[in-house]
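> Mind having a look at this structure? Questions to follow.
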Amino acid sequence: MDLSLTEEQLELQKWAHEFAEKEIRPVAAQYDESEEFPWPVVKKAAEAGLYSLDLYMQSQQDASGLTLPLVMEEIFWGCAGIGLCIFGTGLPLAALAGAGTPEQLLEWAPKMFGTTEDPKVGAFGVTEPQAGSDVRSLRTRAVRDGDEWVLNGTKVFITNGGVAEVYVIVATVDPDLGHRGQASFVISKDDPGIRPGKKEKKLGIRASDTSEVILDDCRIPLDRVLGGVDKLEAKLERGHKGEATGRSSTALAAFERTRPSVAIQAVGVARAALEFAIDYAKERKAFGVAISEHQSIQNMLADMALEIEASRLLVHRAAWLAANGLPMSKAEGSMSKLKAGDTAVAVAEKAVQILGGYGYIKEFPVEKWYRDSKIYTIFEGTSEIQRMVIARALLSD
Ligand SMILES: Cc1cc2nc3c(=O)[nH]c(=O)nc-3n(C[C@H](O)[C@H](O)[C@H](O)COP(=O)(O)OP(=O)(O)OC[C@H]3O[C@@H](n4cnc5c(N)ncnc54)[C@H](O)[C@@H]3O)c2cc1C
């Protein structure tokens, strides 16, 4: 067992860190305030090769599983909102790669990214007003009409929902089968009947676009169902016969593999807060000494560092398991997301405390990291749902 990073990995980390420091940090507060989508930064990331399909393809070849975690920790250290604008497309891409045919992947993945000169982003739409954690209750319907699908419904809280070029949308084809009657569809923003709805104003990650996506008689060709029509029909038939469809276990296994890449975002935010708190504690004086001399401040810093290190180790292990196709039978992906999400909130809160009044005002970035951190206990499965998944894994035979 060797936990040291290779020369190549250290280079990758440095490359991403320099981009975050030079291109993201200086504009983070501005985009947090304006809530605009940071297209100029995404374009620079595309030019640098940080926002590219190639990076995802390269990460697939890496048996350590660390390519994306190393890069993403640095980018989210820069700003979680802007980071999500650069890496949010990873989610629809994972859905496309997981459920799509090789032909679908080849056709649609490049469209999600666009070109270096004109980058595009993708969105993954599952959540609905009455169905978040409970994905069985989706009401968006996909009905076959001759050689087309017709989709109707409303998705909410969709990352990149208002700015995406390509959407992967989960809809119910056969309501009698519950989640086994659902399928994913790939839709272009130019297809008839799909449009962004309300853009949400948020507590944190405010540079990231979170919008409704409205499907109003959205008509798409039959071959847009991921995996193809024949596979879907065979699955529905098995569902009606009461046989296992495989969807639930496949979807859960896919979530386990993608959760580490969300968890590492939280590690990046937490590390930003810790680093700032350390520097501040060394400078700030109270009762004649630097506050870093006070035992209670040292205790907080120690706990913050400990939790970050533990979170990162869980993420790296889960990413390594995922990259090598090893079973994640203890829900190691969910463990990493749960630990890192809770850690980001706890660490950012302590950083605010260490800065005292200066932690609470906008002149310092710590209040922003506190606001940004909270999303990591909510999206991609809330902390309660992660605990449920871990407990199920423990209790299953
Ligand atoms: C900024 C942002 C970006 C997002 N991006 C996307 C996206 O790109 N695509 C997408 O599809 N969705 C996205 N979401 C939606 C997100 O995944 C959901 O908000 C999340 O899954 C929770 O669902 P909900 O909001 O309906 O809460 P609910 O499911 O209603 O949960 C409410 C509370 O009840 C708890 N709870 C629910 N069920 C259980 C249970 N069985 N046991 C214990 N506790 C339970 C939850 O943990 C939570 O505390 C995003 C959300 C936000 C805020």
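The values are calculated or read from the model by the stated rules, or taken from the named source; none is laboratory data. None of the values given here were measured: they were computed from a predicted structure. Cβ atoms come from the backbone with ideal geometry, glycine included; neighbour counts cover every protein chain shown. Accessible surface is based on the protein model in full, side chains and every heavy atom, while ligands, DNA and RNA are left aside. Shrake-Rupley method; radii C 1.70, N 1.55, O 1.52, S 1.80 Å.
> Which one is nearest to the ligand (Cβ to nearest atom) among residues in the stretch 149-170 that are touching a Pro at 6+ places or on another chain (Cβ under 6 Å) and in a strand (DSSP E or B)?
Going through the stretch 149-170, the residues touching a Pro at 6+ places or on another chain (Cβ under 6 Å) turn out to be 156, 161-162, 168.
Retained after the next criterion (residues that are in a strand (DSSP E or B)): 156, 168.
Details: 156: 7, 168: 10 Å.
Among residues in the stretch 149-170 that are touching a Pro at 6+ places or on another chain (Cβ under 6 Å) and in a strand (DSSP E or B), the one nearest to the ligand (Cβ to nearest atom) is 156.
> Identify all residues within the stretch 323-357 that are part of a helix (DSSP H, G or I) and closer than 19 Å to residue 392 by Cα; write none if there are none.
Here is the first cut: in the stretch 323-357, the residues part of a helix (DSSP H, G or I) are 323, 332-355, 357.
Result: 332, 333, 334, 335, 336, 337, 338, 339.
> Test residue 306 against the stated conditions and say whether it is on the phi < 0 side of the Ramachandran plot and surrounded by 15 or more Cβ atoms within 10 Å (Cβ to Cβ).
Judged against the criteria, residue 306 is not a match.
> When you scan the stretch 154-164, how many residues do you find that are touching a Lys or Arg at 6+ places or on another chain (Cβ under 8 Å) and buried (at least 21 other Cβ atoms within 10 Å of the Cβ)?
Final tally of qualifying residues: 2.
> Right, here's the next one. Just checking, which of 371, 392 is under 17 Å from residue 134 (Cβ atoms) and either assigned to a helix (DSSP H, G or I) or charged (D, E, K, R) (or both)? Even if it seems obvious, please write down each step before you answer.
Numbers: 371 fails: under 17 Å from residue 134 (Cβ atoms).
It is 392.
> For residue 385, are the conditions met, namely being within 12 Å of the ligand (Cβ to nearest atom) and either on the phi > 0 side of the Ramachandran plot or out of contact with any Lys or Arg (no Cβ under 8 Å at 6 or more places or on another chain) (or both)?
Values: within 12 Å of the ligand (Cβ to nearest atom): yes; either on the phi > 0 side of the Ramachandran plot or out of contact with any Lys or Arg (no Cβ under 8 Å at 6 or more places or on another chain) (or both): yes.
Yes, satisfied.
> Step by step: first the residues of the stretch 340-367, then only those that are of a type in the set (D, E, K, R) and away from the ligand (no atom under 15 Å from the Cβ), then the one that is least open to solvent (accessible area, probe 1.4 Å). Which residue is that? Working first, answer last.
Initial filter on the stretch 340-367 (of a type in the set (D, E, K, R)): 342, 349-350, 362-363, 367.
Those left that are additionally away from the ligand (no atom under 15 Å from the Cβ): 349-350, 362-363, 367.
Details: 349: 82, 350: 55, 362: 126, 363: 152, 367: 28 Å².
Among residues in the stretch 340-367 that are of a type in the set (D, E, K, R) and away from the ligand (no atom under 15 Å from the Cβ), the one least open to solvent (accessible area, probe 1.4 Å) is 367.
> Could you go through the stretch 133-145 and let me know if any residue there is crowded, with 22+ Cβ neighbours inside 10 Å, within 14 Å of the ligand (Cβ to nearest atom), modelled with pLDDT of 95 or more and not in a helix (DSSP H, G or I). Break it down stepwise before answering.
Step one: of the stretch 133-145, the residues crowded, with 22+ Cβ neighbours inside 10 Å are 138, 140, 142.
Narrowing further to those that are within 14 Å of the ligand (Cβ to nearest atom): 138, 140.
Applying the additional criterion that residues be modelled with pLDDT of 95 or more yields 140.
Filter once more, keeping what is not in a helix (DSSP H, G or I): 140.
Yes, some residue in the stretch 133-145 is crowded, with 22+ Cβ neighbours inside 10 Å, within 14 Å of the ligand (Cβ to nearest atom), modelled with pLDDT of 95 or more and not in a helix (DSSP H, G or I).
> Could you please find all residues in the stretch 136-155 being among the β-branched types (Val, Ile, Thr) and more than 22 Å from residue 199 (Cβ to Cβ)?
Initial filter on the stretch 136-155 (among the β-branched types (Val, Ile, Thr)): 140, 143, 150, 154.
Scanning the stretch 136-155 gives 143, 150.
> I'm checking my understanding of the structure. Among residues of the stretch 101-120 that are touching a residue at least 60 places away in the same chain (Cβ under 8 Å) and touching a helix residue (DSSP H, G or I) at 6+ places or on another chain (Cβ under 7 Å), which one is farthest from the ligand (Cβ to nearest atom)?
Of everything passing the filter in the stretch 101-120, 116 is farthest from the ligand (Cβ to nearest atom).
> In the stretch 178-186, is there at least one residue being open to solvent by 50 Å² or more (accessible area, probe 1.4 Å) and within 15 Å of the ligand (Cβ to nearest atom)?
Restricting attention to the stretch 178-186, the residues satisfying the condition of being open to solvent by 50 Å² or more (accessible area, probe 1.4 Å) are 179-180.
Then keep just the ones that are within 15 Å of the ligand (Cβ to nearest atom); that gives 179.
Yes.
> Is it fair to say residue 261 is surrounded by 14 or more Cβ atoms within 10 Å (Cβ to Cβ), in contact with a Phe, Trp or Tyr (Cβ under 8 Å, 6 or more places away or on another chain) and either among the small types (Gly, Ala, Ser) or in the same structural domain as residue 63 (by TED's automatic domain parsing) (or both)? Please lay out each step first, then the result.
Details: surrounded by 14 or more Cβ atoms within 10 Å (Cβ to Cβ): yes; in contact with a Phe, Trp or Tyr (Cβ under 8 Å, 6 or more places away or on another chain): yes; either among the small types (Gly, Ala, Ser) or in the same structural domain as residue 63 (by TED's automatic domain parsing) (or both): yes.
When the stated conditions are applied, residue 261 passes them.
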